[in-house]
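Colleague: My structure is below; once you've seen it, I'll send some questions.
Computed from the coordinates by the stated procedures, all read-outs in this text should not be read as laboratory data. All values derive from a computational prediction rather than experimental measurement. A quick note on method: Cβ atoms are made from the backbone with ideal geometry, for glycine too, and the neighbour counts reach across all protein chains shown.
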Amino acid sequence: MDKLLVEPIPAGLRRERMHAVINKREFMRVTDLSAMFGISEVTVRSDLRALAQGGRVRRIRGGALRAALSRPERPFEQTEVEAADEKAAIGAAAAALVTDQETVILDVGTTSTAVARALVRRTDLREVVVITNGLNIALELEPAIPRFAVVVTGGTLRPLQHSLVDPLAGEVLDHLNVNTVFLGCNGVDPEGGVTNVNLPEAAIKRRMLQAARRRVVVADGSKVGRLALAQLCEIQDVDLLITSQSADPAVLRAIEDLGVDVQVVG
């Protein structure tokens, strides 16, 4: 990245300009700010710490987010039609990973719904247990009963995503030990990790990750390189990312460099 500034400037002015850049771009990495302002990464971290203490940015591992970074959550029915073919391809790839007698946690969301539909089409599968906190996903899976056992977590209903959250939902997940979780999200980034826009659902997603031995993130290409409000986990905590061809190849390479398997479909 070309340097924005070549002459040293007072720390206060530099931080104001740094704040303006973060506000404009929503997320900046320490390494990029170092190159842009011609200062050391140690100095960048000090500047970000000062900005975060003033509530002007939100500090995360590797960089900083705009303090007000939050995209409004949209209803399931609105986002379901976006990138529908990509989500269907991701769903098929995820469903292909499941074997007989496996226990699976299936998260809420439009891509997770595509996984549910693909699982139902796997008529070869037997004795699969699927645990979900999505009412619509449970209904999608119903035709596969009795080949599948479908367990709904219970909890408090969020109509926007037809999801069940705390209280109660997390209590079920805390006592589970499953083979695989298929996790949806609003953002996947090598520095910012896996993120989600909604705090109540983010809390449940973290408990899903803790309950599973294999962690698979399903996210269409528009989510790759994006960040949302709440971090679910570091990208290194994920075993596999299944995404689509619209994803930024440079971001995918950075994710692979951190030891995460990436499968691009579609």
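Yes/no per residue for (1) surrounded by fewer than 16 Cβ atoms within 10 Å (Cβ to Cβ); (2) in contact with a His (Cβ under 6 Å, 6 or more places away or on another chain); (3) under 19 Å from Ala93 (Cα atoms); (4) not aromatic (Phe, Trp, Tyr):
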site: Glu201; (1), (2), (3), (4): no, no, no, yes
site: Ile204; (1), (2), (3), (4): no, no, no, yes
site: Gly221; (1), (2), (3), (4): no, no, yes, yes
site: Leu227; (1), (2), (3), (4): no, no, no, yes
site: Asp257; (1), (2), (3), (4): yes, no, no, yes
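Colleague: Ser163 versus (1) surrounded by 21 or more Cβ atoms within 10 Å (Cβ to Cβ); (2) more than 26 Å from Glu86 (Cα to Cα); (3) among the small types (Gly, Ala, Ser): which is the lone unmet condition?
Modeller: Exception for Ser163: condition (2).
Colleague: Restricting the range 45-62 to residues that are among the small types (Gly, Ala, Ser) and not in a loop (DSSP other than H, G, I, E, B), which is surrounded by the fewest Cβ atoms within 10 Å (Cβ to Cβ)? Reasoning before the result, please.
Modeller: Here is the first cut: in the range 45-62, the ones among the small types (Gly, Ala, Ser) are 46, 50, 52, 54-55, 62.
Keeping just the survivors that are not in a loop (DSSP other than H, G, I, E, B) gives 46, 50, 52.
On the way: Ser46: 14, Ala50: 16, Ala52: 16.
Only one residue fits best here, namely Ser46.
Colleague: Looking at the range 63-145, what strands (runs of 3 or more DSSP E) fall wholly within it and have at least 3 residues that are β-branched (Val, Ile, Thr)? Walk me through how you get there before you give the answer.
Modeller: Working: elements: 63-66, 103-106, 128-132.
Correct list: 103-106, 128-132.
Colleague: Show the residue pairs that are 6+ apart or on different chains and have beta-carbon atoms under 8 Å apart, the first residue being within the range 17-44 and in contact (Cβ under 8 Å) with a residue 12 or more places away in the chain and surrounded by fewer than 20 Cβ atoms within 10 Å (Cβ to Cβ), the second being of a type in the set (Phe, Trp, Tyr) and in a helix (DSSP H, G or I).
Modeller: Arg17/Phe37
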